[in-house]
Structures are given as structure tokens and as C-alpha cells.
1. Scan (1) over 30 Å from VAL163 (Cβ atoms); (2) surrounded by fewer than 16 Cβ atoms within 10 Å (Cβ to Cβ) for the single condition LEU104 breaks and write down its number.
2. Considering only residues that are in a helix (DSSP H, G or I) and surrounded by fewer than 16 Cβ atoms within 10 Å (Cβ to Cβ), which ones fall in segment 148-174?
3. If you check PRO196, PRO189, PRO203, which single one turns out to be out of contact with any His (no Cβ under 6 Å at 6 or more places or on another chain), assigned to a loop (DSSP other than H, G, I, E, B) and modelled with pLDDT of 50 or more?
4. With the structure loaded, tell me whether ARG133 is under 30 Å from LEU72 (Cβ atoms) and assigned to a helix (DSSP H, G or I) or whether it fails that test.
5. Within segment 77-105, how many residues are over 51 Å from the mean Cα position of the chain (by Cα) and outside any loop (DSSP other than H, G, I, E, B)?
6. Taking segment 52-73, which residues are without any contact (Cβ under 8 Å) to a residue 40 or more places away in the chain and either farther than 18 Å from ASP113 by Cβ or in contact with a Cys (Cβ under 9 Å, 6 or more places away or on another chain) (or both)?
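The values are calculated or read from the model by the stated rules, or taken from the named source; none is laboratory data. If you're wondering where the values come from, they're calculated on a predicted model, not measured in any experiment. No Cβ is skipped: glycine too gets one built from the backbone with ideal geometry, and neighbour counts run over all protein chains shown.
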Amino acid sequence: MNRMLKSILTLTAFGAAALGLTAQPALKLLTVDMSKLLEGYYRTEQEMAKLKGSEQKAQEELERMVKEGNQLADQYKATLEQSKNSLLTPEARTKAETDSSKMLEDIQHRQNDINNFRSNTQRLLTQQWNNIRGVLVEEILKKVVEAGKSKGATMVVDRNAGVVYADAGYDITEECLAAINKDRPVTPPAATSAVPAPAASTPAAAGTETPSVTVPGLKK
């Protein structure tokens, strides 16, 4: 009797488990190219244009700092020559030597300011882009989820996330691209031609090399 009861309970449990498995929806995968969506999103163009404007202002400020530093360097050169001019009185040469020393210290401080300005601007622009990118990706993902659900998908996979092969018939990138750009303005603002890759999403701040102030006799 006990053995029969155990068999009945076992069959019942097995049947319930089987029923639970069959209740699961059939797996349906769709793919999407998130990089293409981010690059083709009109809001990405808008934000990149704003970021480009900030980068241009930083470049102009950096050039102003370098120009002022070079002007001071020219003054330093003239004053240094005065300190060595034998036609001047000893007092005048001493004063010129003192003034040139002060100018040299000022020039070195200005060079440090230039380096700090560039690095701080680079960091700020990078942080701004990362924040903006996060918001844009979130907006895109909402549309991707909507498109996936409308097609009865149980999962949507990014083609850039290690997918070896996927039939193009299961890709919804173009559909999602149309969805995220549905509200695109008639006349979009000017923008850069491409979006930085995620791994190098750092807009170059104020040139690719650190400008320097040219000072005669000063070792870099």
C-alpha cells in the first residue's frame, strides 16, 4: 500500500514538473546592433554637436593661455639679455636679472596651468560623454524592448556581444532605428560624422598634444 502511494506521488510530482516545463514559452531570439543604433540615433548627433562646441571653447581658451605664455617668454628673453648687457649699469643689470628670474617662475607656473587645464578638460569632456551615452543607450533600449515584445521575442541579443552567427531575418536593428528616430526634428542640428567607439569614447580635448610655452634657455 505504501509502495503504491509513493509511486502515485512520484508520478504526480513528475507530471507537475512536466506541466511546468511545457508552460514555458518557446524560446525566440532576435538580434540588434546597438552600436549602429547609437550612431544612427538623432539625439546622439545633437549631443555630440553640443560636446563639440564645448571642445572648441576649450581649444580657444588653451590657445589664449599659450599665446599669453609665449608673450611673457618674449619679455623674459629681452629682460635676460638686458641682465647681460655690459652697457647698462650694474644696478640695471641686477634689476633685469631679478625681473627675468621672476618671469621664468611665472612662465613655469603658466605651463603647469596649461597642462592642468588640458587634462581637466579632457576628463570633464570624457565624463560628460559617458553620462550622455548612458542616457542615450537607456532611451534606445526602451525601443528595442518594445520592438522585441511586439514580435513575440523571449530574448533580444546585441550582435556585438559575441554572437557568432544570426540569420538576418531575425535582426530588428532597422526597425528599432526607425523607432528611435520617429521624433527626429525636420532640421537636425549640425553634428559630427561619427560617434566615438565605446572603448574610446573620449572626445579629444583641445588638440592631441599638450601645447607648450617656448622659453629660451629653459629645459623641458
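1. (2)
2. From segment 148-174, those in a helix (DSSP H, G or I) are 148-150, 168-170, 173-174; that's our starting set.
Residues satisfying the conditions are LYS149, SER150, ALA168, GLY169, TYR170, GLU174.
3. On the way: PRO196 fails: modelled with pLDDT of 50 or more; PRO203 fails: modelled with pLDDT of 50 or more.
None of the others qualify; the one that does is PRO189.
4. no
5. Number of matching residues: 5.
6. Correct list: GLY53, GLN56.
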